[in-house]
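Step one of this worksheet: look at the structure below.
The values are calculated or read from the model by the stated rules, or taken from the named source; none is laboratory data. Note that the structure is a prediction, hence the values are computed from the model and not measured. Heads up, the Cβs are rebuilt from the backbone with ideal geometry, glycines too, and the neighbour counts pull from every protein chain shown.
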Amino acid sequence: MRYKDKHQLAAEWQTLLERTPKPLRQAVETLVESHGDYFADHFYQVMLEDPHASLFLSNEQVEQRLNPSMRRWLKAMFAVDHADFASLVEQQEKVGQVHARIDIPVNLVLNGARQLNRRFISRSTPPSKARCRRGMLRCMSPTISIWPWKL
Ligand code: HEM
């Protein structure tokens, strides 16, 4: 059973993100668009080197499906002007179901989110480095926490 319905989650997500000034969200969107490949590569490199996480993954699956899926996910989640929050909640719900179905532990997913965050921050560049860092922290937190894992 859901903790909140889809519309409540969408409204909450929208409120949280709209508290982040638009220029900050745009800096994050630009960062994700220009470094999406790097973020996805790094994410799966860390997961494949992790003895626990790698039990759920194969190189072939990562190259053929998961890496492109991650790039699409990043683009959709951090797009500023096309943000339809109800549809984003639906996408998160679907991704959550996929992970729940194969019993990926939440601690591994949270570690994944931390890895993404670290790379976002390391890729933020001057003169917008500080702006990107702040934007990233403020956008990533609601994005990753509004994720209905078990339905
Ligand atoms: C922030 C963390 C994570 C994000 C954003 C993420 C994102 C995604 C996305 C977008 C998909 C594609 C879903 C679809 O088919 O539409 C996916 C699938 C998958 N992810 Fe993740 N993932 C995360 C963490 C993890 C972790 C930690 C693991 C393993 C240790 C993992 C393993 C998988 C596997 C095996 C699939 C394919 C499942 C299937 O199709 O049966 N993911 N993930």
- Task: Report the residue count in the stretch 37-65 for those that are touching a residue at least 24 places away in the same chain (Cβ under 8 Å) and more than 11 Å from the ligand (Cβ to nearest atom).
- Result: 4
- Message: Could you check the stretch 50-90 and list, in sequence order, the residues that are closer than 16 Å to GLY112 by Cβ and aliphatic (A, V, I, L, M)?
- Response: ALA53, LEU55, LEU57, VAL62, LEU66, MET70, LEU74, MET77
- The residue that is nearest to ARG138 (Cα to Cα), considering only those in the stretch 1-20 that are in contact (Cβ under 8 Å) with a residue 24 or more places away in the chain and among the hydroxyl-bearing types (Ser, Thr, Tyr), is THR20
- Residue selected from the stretch 70-81 under the condition within 11 Å of the chain's Cα centre (by Cα) and in contact (Cβ under 8 Å) with a residue 12 or more places away in the chain, by the criterion surrounded by the most Cβ atoms within 10 Å (Cβ to Cβ): PHE78
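Conditions (1) of a type in the set (S, T, N, Q); (2) near the ligand (Cβ under 9 Å from one of its atoms); (3) surrounded by 15 or more Cβ atoms within 10 Å (Cβ to Cβ); (4) in a helix (DSSP H, G or I), marked per residue:
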{"position": "LEU31", "(1), (2), (3), (4)": "no, no, yes, yes"}
{"position": "HIS35", "(1), (2), (3), (4)": "no, no, yes, yes"}
{"position": "ASN67", "(1), (2), (3), (4)": "yes, no, yes, yes"}
{"position": "ALA83", "(1), (2), (3), (4)": "no, no, yes, no"}
{"position": "SER87", "(1), (2), (3), (4)": "yes, no, no, yes"}
{"position": "GLU93", "(1), (2), (3), (4)": "no, no, yes, yes"}
- Task: Identify the single condition in (1) modelled with pLDDT of 90 or more; (2) in contact with a Gly (Cβ under 9 Å, 6 or more places away or on another chain); (3) within 18 Å of ARG138 (Cα to Cα) that PRO23 does not satisfy, given that it satisfies every other one.
- Result: (1)
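Conditions (1) modelled with pLDDT under 70; (2) more than 9 Å from the ligand (Cβ to nearest atom), marked per residue:
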{"position": "ILE102", "(1), (2)": "no, no"}
{"position": "ARG123", "(1), (2)": "no, yes"}
{"position": "SER128", "(1), (2)": "yes, yes"}
{"position": "GLY135", "(1), (2)": "yes, yes"}
